[in-house]
Structure formats: C-alpha cells, structure tokens
1. Of the cross-linked pairs K194/K284; K283/K303; K52/K303; K13/K286; K31/K271, which ones have a Cα-Cα span greater than 32 Å in the structure shown?
2. Can you bin region 229-372 into rounded, prolate or oblate? Criterion: square roots of the alpha carbon gyration tensor eigenvalues sorted a ≥ b ≥ c, rounded for a/c under 1.5, prolate for a/b above b/c, oblate for the rest.
3. Shape verdict for region 4-123, please, from the Cα gyration tensor: rounded (a/c under 1.5), prolate (a/b greater than b/c) or oblate.
4. Subtract the Cα-Cα distance of K114 and M64 from 0.36 nm times their separation in residues, and report this length gain in nm to one decimal.
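What follows draws every value from the coordinates through simple rules; no lab data is involved. These numbers were taken from a predicted model, which means no experiment stands behind them.
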Amino acid sequence: MPDQGKLTDIALKIRSVMLALDMGECVALSKIPYQQYEQADGNGKKRLLKAKLEDICRLAGVSMTENHRCLMHEGDDRPSMHLYPDRFYCFACQSSLDIFDLMKRLLDERSFEKRRRMAERWLVAREDEAAVAVTYASVVDTKSAELVAMIDRYGQPADANPYCTAYLRSRGITPETARRFGLLCYENPYTNDKFLAVPCGAKHYVVRVYANRSGNADKYRNAGEITLFQAQSWNACRDESVVFVTESSLCAIVLAQMNFQSVALNGVNYKRLLDASDVIARKKLKIVMLCDNEEVGLQCGVKCAEAIRKLPSPFEFLYHHKLFSPETVLTKHKDVNEAYVADPRQTEEALRKIEMFAQRREDEEYLPGCIAW
Ligand SMILES: [Zn+2]
C-alpha cells in the first residue's frame with residue numbers, strides 16, 4: 001500500500017470505496033449488465049469499466065463540479081485536477097488518470113491484467129445477478145437487551161471504520177455528522193455481516209445491515225417496537241418552527257446535516273408522531289412529512305394526515321409527494337439521501353422552499369408537491 005500520508009483527501013476517499021468494493025461490500029453501485037459486457041469487444045469492455053469511475057467517485061463523495069488538488073504533482077494549492085466521467089485530468093501537469101491508473105496508484109497493484117480482473121469483479125454483474133443497485137436490507141428495529149449490550153461492547157464509532165464511512169458517504173452523511181450523532185458500527189465475526197447502529201433515545205438502537213455478506217442478516221427484524229429518531233428533540237425545537245419527518249433515520253440525519261430540524265419514524269408507523277401531539281401542538285410546531293417516493297410513503301402521509309385531524313389537539317401538518325409535484329430533485333429520487341447525494345445544493349434549496357412554505361412566509365402560495373392539511 002502507498003504511504004497514506006502522501007495521498008490527498010479525495011485519493012483516500014476513492015481508495016476507501018475501492019477497498020470496500022474489493023471486499024465485496026455492499027456499496028450502492030449499479031453494475032454493468034452481464035450481457036452488455038460480454039457482447040462488447042476488448043476496447044468496449046475497457047470503456048465500460050472506465051465509465052464506472054464517475055459512480056465510484058460519487059460514492060466517495062468527490063465533487064464533479066469543483067476542481068481537486070492534483071494526485072500527481074505536488075504543491076497544487078490552486079486545485080487543477082478535474083473529474084470527467086471516465087478520468088481525472090490535471091490542467092497544470094496534463095496528467096490523465098482513469099480507473100486503472102487510480103487502482104495502480106491507490107492499491108499499488110502493478111499488473112494491468114490483475115487490475116482489469118479486479119475491476120470486472122467489482123463492476124460487472126454476474127450472469128445470474130440483476131445489474132441494479134444493491135438495495136439494503138430494510139431497517140431492523142430491536143429492543144433486545146442482548147443486542148444493546150453487544151452494541152455497547154463491540155460497537156465502534158462509524159466514522160472510524162472505512163467501510164461504514166464509505167456506506168454513509170453513499171447516503172450523503174459525512175464522518176463529522178456520523179460522529180455528531182454517535183453512529184456506531186459492528187461486524188458479526190462469524191458471518192462478517194456489517195451493521196450500522198443509530199442511537200434512538202436511551203438504550204435503544206435502530207440497526208441496519210450495510211454489508212449483508214451471509215445473505216441472511218435479518219434475524220433481528222421482528223423484535224421490539226419502533227422508536228423515533230430525533231435529531232432534535234421536540235422540546236428543543238423553537239416554538240412555531242418547521243420540523244421535517246422522514247421514514248428513515250439516515251434521511252433525518254442528512255436533514256440535520258443541512259441544519260434542518262428533523263425526526264425519523266424509522267419506518268412508516270406514525271403512531272409515535274401522534275403520541276407526541278401534545279408537545280407538538282403546544283409548541284405550535286409545523287410538521288412536514290417527507291415521504292419516500294413510493295406507494296407506502298404516499299399512503300403513510302395520507303393516513304397520518306387523517307389521523308391527525310381526529311386528534312384532540314391536532315397540529316399543523318403537510319406532506320410532500322411526487323404525485324402532486326412536477327419533477328424536482330426531491331421527486332426524481334427515492335428519498336432525501338439519494339437526492340442529496342445526487343445534488344446537495346438543489347436538494348437544500350428545494351427543502352428551504354418547503355420550509356418557507358410551511359412557515360407561511362409566502363402568503364399561502366401553492367407549492368407543488370406539498371399537501372397542507
Ligand atoms: Zn497535476
């Protein structure tokens with residue numbers, strides 16, 4: 001391995017994604033379909049592999065728009081290296097680095113043939129494998145005392161683990177944010193399945209699998225009741241302010257990273273939101289539900305709105321869903337995490353608009369996609 005001290009920040013990030021891929025870890029990367037790859041000739045195959053650099057860099061959180069400090073020449077204080085879909089190019093020293101060059105430099109693998117085979121293993125779907133992005137096992141919730149004790153004993157800070165860091169980056173979450181919310185990770189030493197544990201209140205974690213190596217890592221799924229993840233507790237919210245409610249805690253964390261107030265249902269069960277109706281109503285909080293852009297998400301928003309109307313102390317509620325919205329960065333993607341990873345600036349702008357709308361600063365002007373109740 002090259003001396004890590006000499007690698008630039010983006011080189012380290014790309015290297016951590018490459019290592020995760022090499023260990024067969026589950027990072028959200030869509031693969032090259034088997035048929036397409038098999039039918040290509042030698043140069044075509046190389047082109048297909050090279051074109052995956054952009055995906056790898058996206059997972060590593062490397063900007064496509066800003067320049068980076070050159071990986072090849074020293075003292076590049078005014079960054080001159082730019083990322084194109086299939087290579088980095090430095091305007092100062094004219095270096096051009098494709099995926100194979102990066103593998104050589106970052107993993108210190110000198111044989112081109114070995115690098116080519118490695119890239120195939122990372123990036124080409126097997127014959128029997130769908131080429132779509134890996135989907136993660138759904139959120140697993142538990143109140144099992146043994147599991148909590150195990151996490152307390154073996155959990156390590158998520159930001160100290162390169163695989164977990166790569167996974168979190170693929171969800172738009174920085175290591176600083178992971179530290180701020182005390183995210184932990186651990187590995188089952190027998191199966192090598194890797195888990196992320198999100199603290200949700202005292203002695204309670206929501207656990208999700210981020211590398212399901214055994215293919216059978218869902219054994220905690222049925223335990224326990226759902227707990228809210230609160231980036232900001234109800235009582236700490238400013239009176240009359242807007243609070244976003246999401247399905248997943250990782251979405252709520254990305255919102256908090258952008259300095260929005262957020263709470264996660266950890267699923268689509270909104271009972272715990274209703275349980276908090278007294279404090280929400282007393283503080284006149286404005287709840288905005290950001291449903292996932294799927295059928296269950298939409299239903300959750302509608303049902304929750306109906307349930308709130310029947311409460312003794314109803315509160316202000318609106319939900320956002322793609323069926324009522326033109327295509328925007330928020331509706332094009334499955335959830336806030338994916339929108340944020342694709343375009344952080346536009347995502348934040350879209351969310352500020354919704355926040356302003358919920359605050360009624362814009363004279364009740366209609367905002368497409370937002371259903372006020
Ligand atoms: Zn250079």
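1. Those over the limit are K194/K284; K52/K303; K13/K286; K31/K271.
2. rounded
3. Note, shape of region 4-123 comes out prolate.
4. Stretched out fully, the K114 to M64 stretch lengthens by 15.2 nm.
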